[in-house]
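Asks: Sending over a structure as structure tokens; questions will come in a sec.
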Amino acid sequence: MSAQRPAAALGADAVADVVRAEYGRVIAGLIRRYGDIGLAEDALGEAIVIALERWPQEGVPPNPAGWLTTTASRKALDHLRREKVRDEKYAEATMLTDDTPPEPTGPVTDDRLRLIFTCCHPALAEPARVALTLRLLGGLTVAEIASAFLIPETTMAQRITRAKAKIAKAGIPYRIPERADLAERLDGVLAVLYLVYNEGYLSSTADNADRQDLADEAIRLTRAVRLIADEIGSPPEVDGLLALMLLSQARRPARIAADGSLVTLDDQGRTNWDSHLIDEGHAIVRECLRRNAPGPYQLQAAIQAVHTDALDVSLTDWRQIVALYDQLMHVRPSPVVALNRAVALAELDGPQVALAIVDGLELTAYAPWHATRADLLRRLGRTNDARRAYAAAIATTENPAERAWLASRRKTLG
Amino acid sequence: MTQYLLSVPGSVDDEMPSDDVIQEMFATVEKFNQKVRNAGKWVFAGGLEPIATATTVDATGDSPTVTDGPFSEAKEYLGGFWVIEAADLDEALQWAKEGSAACGGPVEVRPFAGEA
């Protein structure tokens, strides 16, 4: 029991952290075993309550995921026994003693991967796919997801409940799709993984600057999806998304200062970047360039590759970055892409040119839009306008690191 | 196994296709039907006469009423349907894709209640 932590160090928050880190793995295994999302959630919920009672006293068990699985399984079996009369099919003895390993599902046997393909089934609307993935694989509470989407908690609860009911009642299967369906499913899965990564990269909740566990999980799942994608000729966008995540992740050690505020790209200590992740990301981007089938994720990865290639911000190849944004605007135009392009353009053609573009974008609910305006106005010497823009940016975000950074920028205006 | 209703909506705005087109559609649908039967997934299927033939009966009040016309005012109505057996939604969707191509219209897929 050497892995046990001293009980005194273990408050309810620490238990919650452990539970959250293991949630996706445990729930996916339970859903695989019982074929019922609602039952798995109820059982795991009860196991978590027991963990909250016991772990602070007895210490975290050496294998928390295993402990949660065993305890939740017992609870699930209790439920099934109670429902035996009502629902005969659950009474099958094999079910009650099932400890067989999951049947293989192709190159990757992973309960979480099956769960993500279930959550991202095309029969579910995209907002429901993301919400369900964050709930089941990310272990976020409904309140946290609602706050991430800026919608009322009751609305989010209904959305998730509806999605789970559709999975159960319409018979959405719990498996990785067959080869023929994989290609069309992949786009939706990548979109959701990217949103999960983004929630991990810059959390939209007030309590955390980032959610490292979510970012790690998104990367882990993208790697797993990449292995499956090999089967259908490795669509380059899978590689593009992985490289994009790795190159963003590489900068994480330099992204958040000791006081919890964000450090922007210009000011990051580049020696703190993770060189292994950068090497891996660059290698994938080079491979993408060789294949020459650029898509949105590959282009964004290429932009990150140019940034991470510069040992000092002054050595950044802005011309190449603007060219890549031009391509990105061509394949997937959006106001956010236009905003990022304008930021790069400011380095080439000056803040006046960039501001004219930024002012034409309808992004008033988006904190980075205000922050970008503020910075451009500051560089143009329009201090009062800049101050107002920083205030608007602060009012538009809940993220504590972002708020701290914006406040410090506003302060430098005097 | 769950039973799924694959329904084919029609619209009052739809133009009546020519005889040739209808004959060809019947042929492709019959080919599809045979495939469903051969796979052992067939339960029941049928095309419906135009919505103008509908009559609505309502016996929920004091005395039953019989009214000429459909229950819903909507332009879309049920034009025809299949009831099939399928292992899960993915299989039902696969049949629906083939059915849609065969009948030349979109197909709505719904599970029958009771078999969660």
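Asks: Does any residue of segment A:177-197 turn out to be part of a loop (DSSP other than H, G, I, E, B) and closer than 30 Å to residue A:254 by Cα?
Replies: Keep residues of segment A:177-197 that are part of a loop (DSSP other than H, G, I, E, B), which gives A:177-178.
Restricting the remaining residues to those that are closer than 30 Å to residue A:254 by Cα gives none.
Looking for residues that are part of a loop (DSSP other than H, G, I, E, B) and closer than 30 Å to residue A:254 by Cα, one finds none in segment A:177-197, hence no.
Asks: What is the number of the single condition among (1) among the hydroxyl-bearing types (Ser, Thr, Tyr); (2) surrounded by fewer than 16 Cβ atoms within 10 Å (Cβ to Cβ); (3) touching a residue at least 40 places away in the same chain (Cβ under 8 Å); (4) farther than 26 Å from residue A:359 by Cα that residue A:264 does not meet?
Replies: (4)
Asks: Moving on to the next point. Looking at segment A:373-414, which of the residues that are of a type in the set (Gly, Ala, Ser) and without any contact (Cβ under 8 Å) to a residue 12 or more places away in the chain is least open to solvent (accessible area, probe 1.4 Å)? Before you say what the answer is, go through the steps one by one.
Replies: Of all residues in segment A:373-414, those of a type in the set (Gly, Ala, Ser) come to A:374, A:381, A:386, A:389, A:391-393, A:395, A:401, A:404, A:407-408, A:414.
From the residues that got through so far, the ones that are without any contact (Cβ under 8 Å) to a residue 12 or more places away in the chain too are A:381, A:395.
On the way: A:381: 55, A:395: 87 Å².
Within segment A:373-414, the match that is least open to solvent (accessible area, probe 1.4 Å) is A:381.
Asks: For residue A:373, are the conditions met, namely being within 27 Å of residue A:277 (Cβ to Cβ) and of a type in the set (Lys, Arg)?
Replies: Numbers: within 27 Å of residue A:277 (Cβ to Cβ): no; of a type in the set (Lys, Arg): yes.
In short, no.
Asks: Right, something else. From the list A:293, A:258, which residue is touching a Pro at 6+ places or on another chain (Cβ under 7 Å) and farther than 26 Å from residue A:140 by Cβ? Don't jump to the end; show me each part of the working.
Replies: Numbers: A:258 fails: touching a Pro at 6+ places or on another chain (Cβ under 7 Å).
Criteria check complete, one pass: A:293.
Asks: So, one more: With the condition being open to solvent by 80 Å² or more (accessible area, probe 1.4 Å) and more than 14 Å from chain A (Cβ to nearest Cβ), I'd like the strands (runs of 3 or more DSSP E) fully within segment B:28-116 carrying at least 1 qualifying residues. Quick ask: steps written out before the conclusion?
Replies: Details: elements: B:42-47, B:55-58, B:65-68, B:76-86, B:108-111.
Fully inside segment B:28-116 and qualifying: B:42-47, B:55-58, B:65-68, B:76-86.
Asks: Among the residues in segment A:360-372, are any touching a residue at least 24 places away in the same chain (Cβ under 8 Å), under 22 Å from residue A:314 (Cβ atoms) and surrounded by fewer than 17 Cβ atoms within 10 Å (Cβ to Cβ)?
Replies: So far as segment A:360-372 goes, no, none of its residues is touching a residue at least 24 places away in the same chain (Cβ under 8 Å), under 22 Å from residue A:314 (Cβ atoms) and surrounded by fewer than 17 Cβ atoms within 10 Å (Cβ to Cβ).
Asks: If residue A:327 meets every condition in (1) at pLDDT below 95; (2) open to solvent by 70 Å² or more (accessible area, probe 1.4 Å) apart from one, which number is that one?
Replies: Every condition holds for residue A:327 apart from (1).
Asks: Related question: Checking the condition in a helix (DSSP H, G or I), modelled with pLDDT of 90 or more and surrounded by fewer than 17 Cβ atoms within 10 Å (Cβ to Cβ), which residue from A:26, A:49 passes?
Replies: A:49
Asks: Of everything in segment A:132-176, what is aliphatic (A, V, I, L, M), in a loop (DSSP other than H, G, I, E, B) and within 14 Å of chain B (Cβ to nearest Cβ)? Give them in sequence order. Break it down stepwise before answering.
Replies: Our first condition is that a residue be aliphatic (A, V, I, L, M); within segment A:132-176, this holds for A:132, A:134, A:136-137, A:140, A:142-143, A:145-146, A:148, A:150-151, A:156-157, A:160, A:163, A:165, A:167-168, A:170, A:172, A:176.
Add one more test, that the residue is in a loop (DSSP other than H, G, I, E, B), and what stays is A:137, A:140, A:150-151, A:172, A:176.
Listed by number, the residues that qualify are A:172, A:176.
Asks: Right, next: Identify, from the list A:241, A:202, the residue that is in contact (Cβ under 8 Å) with a residue 12 or more places away in the chain, away from every other protein chain (no Cβ under 14 Å) and crowded, with 24+ Cβ neighbours inside 10 Å.
Replies: Working: A:202 fails: crowded, with 24+ Cβ neighbours inside 10 Å.
Just a single option satisfies the conditions, and that option is A:241.
The values are calculated or read from the model by the stated rules, or taken from the named source; none is laboratory data. Keep in mind that this is a model prediction, so the values were computed, not measured. FYI the Cβ positions are ideal-geometry reconstructions off the backbone, even for glycines, and counts take in every protein chain you see. Note: areas computed on protein heavy atoms with side chains; ligands, DNA, RNA excluded. Shrake-Rupley method; radii C 1.70, N 1.55, O 1.52, S 1.80 Å.
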